[in-house]
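Here, each number is a calculation from the coordinates, and none is a lab measurement. In this text the structure is predicted, and so the values were computed from the model without any measurement. So basically every Cβ, Gly included, is an ideal-geometry build from the backbone, and we count neighbours across all protein chains shown.
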Amino acid sequence: MIADATALAEVTASFASGHGPVAVDAERASGYRYGQRAYLVQLRREGAGTALIDPVACPDLSELGAAIADTEWVLHAATQDLPCLRDIGMVPTRIFDTELAGRLAGFPRVGLGAMVENVLGFVLEKGHSAVDWSTRPLPEPWLRYAALDVELLVDLRDALEKELDRQGKLEWARQEFDAIASAPPPEPRKDPWRRTSGMHKVRRRRQLAVVRELWQTRDRIAQRRDVSPGKVLGDAAIVEAALALPPNAHALAALNGFGRVNRRQLEQWQSAVDRARALSESQLPQPGQPVTGPPPPRAWADKDPAAAARLTAARAAVTALAERLNMPQENLITPDTVRRVCWEPPATLDEESVGAALAGHGARPWQVEQVTPVLVRALTEGAS
């Protein structure tokens with residue numbers, strides 16, 4: 001483990017002078033710690049070997065990131081690791097995502113282990129994917145497991161590049177990789193408490209307020225203690241308290257999820273419930289979230305039968321095209337993009353107008369080229 005400034009400087013120099021792409025991976029402690037920070041960073045490059053870096057001891061990796069920024073980074077499921085890498089100063093300009101490459105190439109199983117086995121014929125050691133990577137010191141078997149994640153990543157990249165080229169999809173993949181690398185950091189989620197598991201049971205606004213207060217209280221505690229929110233209080237307990245609206249701590253203690261909580265914590269949760277109970281009607285959250293796009297497709301038949309017919313035809317056409325191209329439908333074009341174009345199609349249903357609409361919703365040039373002709377036919381048929 002690289003865990004001091006001197007060793008990190010040596011690794012930075014070594015990787016800067018290496019050659020070829022850099023395999024990059026990161027391990028988080030989801031389910032154990034608060035947030036999605038990296039607790040281990042693995043790198044491998046020809047001429048530099050493999051490095052395992054402790055971002056707790058070395059929280060600023062910006063010099064290392066700058067040293068390899070112009071090199072192609074090879075990651076598996078890049079969108080999972082790039083946010084935590086960005087937080088410690090590592091931001092690539094070019095990437096190759098082996099998971100996404102596998103999807104575009106039509107592989108049925110795209111996990112790293114399955115891809116390495118199917119493409120390269122090696123079986124990776126399993127068993128430590130869900131461990132607590134914030135543990136210090138990290139056990140030797142865990143470090144070996146982590147090193148294996150980057151051991152064959154560049155070999156896998158090279159084999160997938162050849163396969164994508166053989167299928168005529170390499171340029172498509174490059175456009176997808178560029179879109180990931182150039183994407184801005186995601187905006188903070190609005191009203192994250194609404195994603196509490198089991199929220200579909202909560203109907204009344206007062207109950208929604210209880211969920212909000214309990215969720216926010218739990219989040220503050222989890223952040224202060226640096227533990228996963230689920231270890232502080234489960235989603236099921238939050239929803240049960242919201243539905244029951246307990247008038248006091250004794251009633252709260254009778255609910256599932258609160259029975260083993262100590263008195264001080266119980267009073268803390270009951271205070272959150274009491275705050276929600278004391279809110280005026282104008283302070284209560286509204287049911288549902290503001291809809292910025294089309295309504296849910298199940299409502300289209302009543303709201304706009306013509307749009308529903310367009311969507312049915314478009315979905316069938318896109319599904320058929322994805323099957324011909326041997327890739328998942330969502331990688332060919334996002335379902336949200338199809339819905340938006342079907343709900344508000346351009347006034348003229350020709351390839352130029354429909355293509356412009358797809359591009360306006362973020363479709364890449366290769367997606368516009370492939371999807372536009374079938375979508376024009378589907379929208380025309382759906383309108384007739």
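What distance in nm lies between label points placed 7 Å from Cα along the C-beta direction at residue 298 and residue 323?
The modelled label-to-label distance comes out at 2.6 nm.
Which value in deg cm²/dmol, rounded to the nearest 500, describes the helix-derived mean residue ellipticity at 222 nm for the chain, given -39,500 (n - 2.57) per DSSP H run of n ≥ 4 and division by the residue count?
-15500 deg cm²/dmol
Which FRET efficiency value, to the nearest 0.05, do you get for residue 277 and residue 3 by plugging their Cβ-Cβ distance into 1/(1 + (r/R0)^6) with R0 = 51 Å?
Computed FRET efficiency for residue 277 and residue 3: 0.55.
Label points 7 Å out from Cα along the Cβ direction at residue 165 and residue 245: separation in nm?
So the label points at residue 165 and residue 245 sit 6.7 nm apart.
Okay, which of the range 225-251 sit inside 20 Å, backbone N to the point 7 Å along the Cα-Cβ direction of residue 264?
Label zone hits: 225-229, 231-234, 249-250.
Based on DSSP loop calls and a cut-off of at most 16 other Cβ atoms within 10 Å, the longest stretch of the chain free of exposed trypsin sites (Lys or Arg not before Pro) is what?
261-384
Using Cα-Cα distances under 8 Å and only pairs 6 or more residues apart, what relative contact order does the chain have, in percent?
Relative contact order comes out at 14 percent.
Normalised by the number of residues in the range 192-283, what is the relative contact order in percent for Cα pairs under 8 Å and 6+ residues apart?
In percent, rounded to a whole number, it is 33.
Let me know the Rg and Dmax you get for the chain when you use only its Cα atoms, in Å.
For the chain, the Cα-based Rg and Dmax read 25.0, 71 Å.
About the Cα centre of the chain, what is the dipole size in debye to 20, counting +1 per Lys and Arg Cβ and -1 per Asp and Glu Cβ, all else neutral?
It works out to roughly 2260 debye.
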